[in-house]
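Worksheet for the structure shown next.
The values are calculated or read from the model by the stated rules, or taken from the named source; none is laboratory data. Computed from a predicted model, the values in this text were never measured in an experiment. Heads up, the Cβs are rebuilt from the backbone with ideal geometry, glycines too, and the neighbour counts pull from every protein chain shown. For the accessible areas, the whole protein counts, side chains as well, though only heavy atoms, and no ligand, DNA or RNA atoms are used. Shrake-Rupley method; radii C 1.70, N 1.55, O 1.52, S 1.80 Å.
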Amino acid sequence: LKQTPRDALSASTVEWFPVLQGFYLETQRAFLGGWIRSLPEDTKERQLHWGPDPEFWKVIGDEILFTKELTDSHQLMNVLACWINAIDAARESIRKVDRRLDIKCTAWTAGFPLMNKEVALPRNFNIADAPVTDYFKEGGRLLNERYAKKANDAKIAVDYIGPSIDIGFRLCQFASARKFILSVGVAYILSQSNRKASDVRVTRFRYDGASVLKGVFGGIHYPIFWIDLAKPGDLALLEDKLTKPIECTSDDVHKYCDKFFDDASPYTFKPFIISQTENDLKEKPDNYEKDIENIKKNYGLEIIGDKASEKAAEEIGR
């Protein structure tokens with residue numbers, strides 16, 4: 001739509017912008033609004049199987065991204081069902097403008113703070129501030145400030161970087177209007193859940209083989225799983241009657257992912273969730289506790305060192 005030939009001096013040269021702005025707004029409204037409407041009245045049920053609300057992450061070109069903290073593995077099924085319903089609504093909205101337009105989706109997981117990291121930046125740069133000499137310490141200070149306040153009130157911008165984030169963006173290339181691409185972590189978590197999905201499409205697994213993703217896991221082949229967003233009456237489903245594609249069972253997907261994580265252990269490990277309610281994904285890597293303690297220790301030394309320096313300066317001043 002953006003590349004359609006037109007008079008460069010005409011006001012219609014930006015006719016695509018309202019469509020894109022509408023896509024952002026309608027997707028956010030449908031997703032976050034649908035999430036709120038789906039929440040159960042029972043507080044315990046809400047905390048367990050829904051957990052923290054999804055949050056808007058950022059816009060990249062014509063992509064809109066959201067994050068969802070998982071405090072229980074069953075929450076993934078609910079949030080993806082909500083997302084699929086939102087996409088149905090957003091798709092209907094943009095197709096009213098132009099039938100050529102459609103939406104593609106990808107979902108992936110990322111664990112923090114070992115494999116992946118949060119990057120913090122102050123939203124208001126002050127040239128009078130002293131230069132940063134310790135980036136580790138400054139990053140911790142900014143994150144402390146951000147999480148000490150409500151996210152919407154803090155003047156700290158946070159982004160995410162790391163191998164899991166890279167994988168998610170690499171997987172986007174395989175998505176289509178029908179194929180909602182899943183990382184192996186998402187497929188693994190979904191396939192082990194025994195709760196009934198609110199949308200059957202969430203568990204309609206398909207597999208497109210494995211591909212090499214640039215810069216991922218040393219070049220080993222990465223599995224391409226997807227869930228089918230086709231709806232009754234779609235041409236794609238009628239075509240399936242002719243081609244007879246095989247739909248994967250949750251059990252087969254889980255066994256494959258389990259073996260994949262074992263074989264790719266130098267680069268990754270099975271997803272796990274640390275919470276009092278999680279019963280399925282509790283197995284942590286052998287070195288996890290040690291690595292976490294080292295992070296705490298290193299950061300603690302930085303803080304203690306600062307306090308010692310401040311105290312010494314105060315003594316000298318007296």
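Descriptive notes on the structure:
- Split the accessible area of the stretch 58-209 by element, probe 1.4 Å, and carbon with sulfur accounts for 52%.
- Remark on F66: its backbone amide H falls under 5 Å from those of W57, a criterion applied only to residues 5 or more positions apart or on other chains, H modelled at 1.01 Å from N.
- If you take all other residues with their beta carbon under 15 Å from the beta carbon of G219, and give Lys and Arg +1 and Asp and Glu -1, the sum is 0.
- Solvent exposure of the chain as accessible area per residue, Å², 1.4 Å probe: 62 Å²
- Net charge contributed by nearby residues that have their C-beta within less than 13 Å of I161 (K/R +1, D/E -1): -1
- Candidates D129, D263, D102, ranked by Gaussian network fluctuation over the chain, Cα under 10 Å, top entry: D129
- Label assignment, Rg and Dmax of the Cα atoms in Å derived from the structure, set (1) 22.5, 73; (2) 23.0, 87; (3) 21.4, 64: (2)
- Here the 3J(HN,Hα) profile of the stretch 186-193, calculated from phi with Karplus coefficients 6.51, -1.76 and 1.60 at θ = phi - 60°, is 5, 4, 5, 5, 4, 6, 8, 6 Hz, Gly and Pro shown as x.
- Applying 0.36 nm per residue to the separation of I36 and D129 and subtracting their alpha-carbon distance, the gain on full extension is 29.3 nm.
- Rough spin-label spacing in nm, given labels placed 7 Å along Cα→Cβ, for E145 and L1: 3.9 nm
- Spin-label model, R29 to K241: label points 7 Å out along the Cα-to-beta-carbon direction sit 3.7 nm apart.
- Backbone N under 16 Å from the R100 label point (7 Å along Cα→Cβ), restricted to the stretch 13-37: 13-20
- Highest-fluctuation residue, I165, I94, I60 considered, GNM on the chain with Cα pairs under 10 Å: I60
- Extension gain from H221 to T277, taking 0.36 nm per residue of separation minus the Cα-Cα distance: 16.8 nm
- Summing Lys and Arg as +1 and Asp and Glu as -1 over all other residues whose Cβ lies under 13 Å from the Cβ of V186 gives a net charge of +2.
- Applying a DSSP loop filter and a limit of 12 other Cβ atoms within 10 Å to the trypsin sites (Lys or Arg not before Pro) in the stretch 41-117 leaves R99, R100.
- Between the stretch 216-250 and the stretch 92-169, the alpha-carbon centres lie 31 Å apart.
- Amide H to amide H, with H built 1.01 Å from N, Y222 comes under 5 Å of S211, V212, L213, counting only residues 5 or more places away or on other chains.
- Filtered GluC sites (Glu not before Pro), the stretch 19-89: DSSP coil and at most 13 other beta carbons within 10 Å: E41, E69
- With R₀ fixed at 22 Å, the C-beta to C-beta distance from K255 to Q173 puts the FRET efficiency at about 0.25.
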